[in-house]
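Report on the following structure.
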Amino acid sequence: MTANRLRLQLVENYDGLVRRLTRRLGSSEFAREALHETFVKLDRVCEATEIRSPADYIFRTAINVANDQRRASNARVSASEIDTLLDIADDRPDPAAEAEARSDVKALMAAMERLPSRPRDVFYRVVVAGCSSKEIAESLGVTTRTVESDFRLALMHCADHLGQVLRKRSGGPRLRL
């Protein structure tokens, strides 16, 4: 009978509870929502529970319900946040671009296979390994001029094989490998 007594107390003091909760929560709509949820929760009160002040018990339950609702709403993602998340650009290449890139890599590998061994080695060390011309020259036992010449040969060969046009630099100091 405790749950029924508490529900009756809530209904009889509804307007007063709304006013008290509105002052505490800052919103009459939020206060009403909390009281409605409290009304449902009162079903769970067992008969053995001793309640000295039903009005205070209902008020405290409504405050707890409101706090739970606030926590839950803060944890939820808003509609605008969902829209923002859905509008994130996908930086991955599309399947066509991926297939084209694979084809380009295969064509470059085929072009490199047709190069003499030293220009191929120089091209690989410069482009893939990021070595300087001085490091390459020392490891191959040649001059840096030879390394630069081999690299230029490899670069022109690969560009020609891939159907690319190499553009000549205009002025300025020469970049060292």
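Every number in this text was worked out from the coordinates using simple rules, so none of it is lab data. In this text the structure is predicted, and so the values were computed from the model without any measurement. No Cβ is skipped: glycine too gets one built from the backbone with ideal geometry, and neighbour counts run over all protein chains shown.
Compute the orientation-averaged projected area for the chain from the convex hull of its Cα atoms and round it to one decimal in nm².
22.7
What does the C-alpha gyration tensor say about the overall shape of region 95-162? Classify as rounded when a/c is under 1.5, otherwise prolate if a/b is larger than b/c, or oblate.
Prolate is the answer for region 95-162, as a/c is 1.5 or above and a/b outweighs b/c.
Could you check the simple spin-label distance between Thr146 and Leu8, using points 7 Å along Cα→Cβ, in nm with one decimal?
Here the answer is 10.8 nm between the modelled labels.
Subtract the Cα-Cα distance of Asp94 and Asp160 from 0.36 nm times their separation in residues, and report this length gain in nm to one decimal.
That pair, Asp94 and Asp160, stretches by 21.0 nm at full extension.
Computed FRET efficiency, Cβ-Cβ of Arg102 and Ala79, R0 35 Å: what is it to the nearest 0.05?
The value I calculate is 0.30.
How many nm is it between the label spots at Ala72 and Val127, if each spot is 7 Å from the Cα in line with the beta carbon?
For the pair Ala72/Val127, the computed spacing is 6.1 nm.
Once Lys and Arg get +1 and Asp and Glu get -1 on their Cβ, which of Met156, Ala97, Ala107 lies farthest toward the positive end of the dipole of the chain?
Met156
Can you give the Kirkwood hydrodynamic radius of region 2-78 from its Cα pairs, in Å with one decimal?
In region 2-78 this quantity evaluates to 12.8 Å.
Report the full-extension gain for the segment Met109 to Glu50: residue separation times 0.36 nm, less the Cα-Cα distance, to one decimal in nm.
Fully extending the segment from Met109 to Glu50 adds 12.9 nm.
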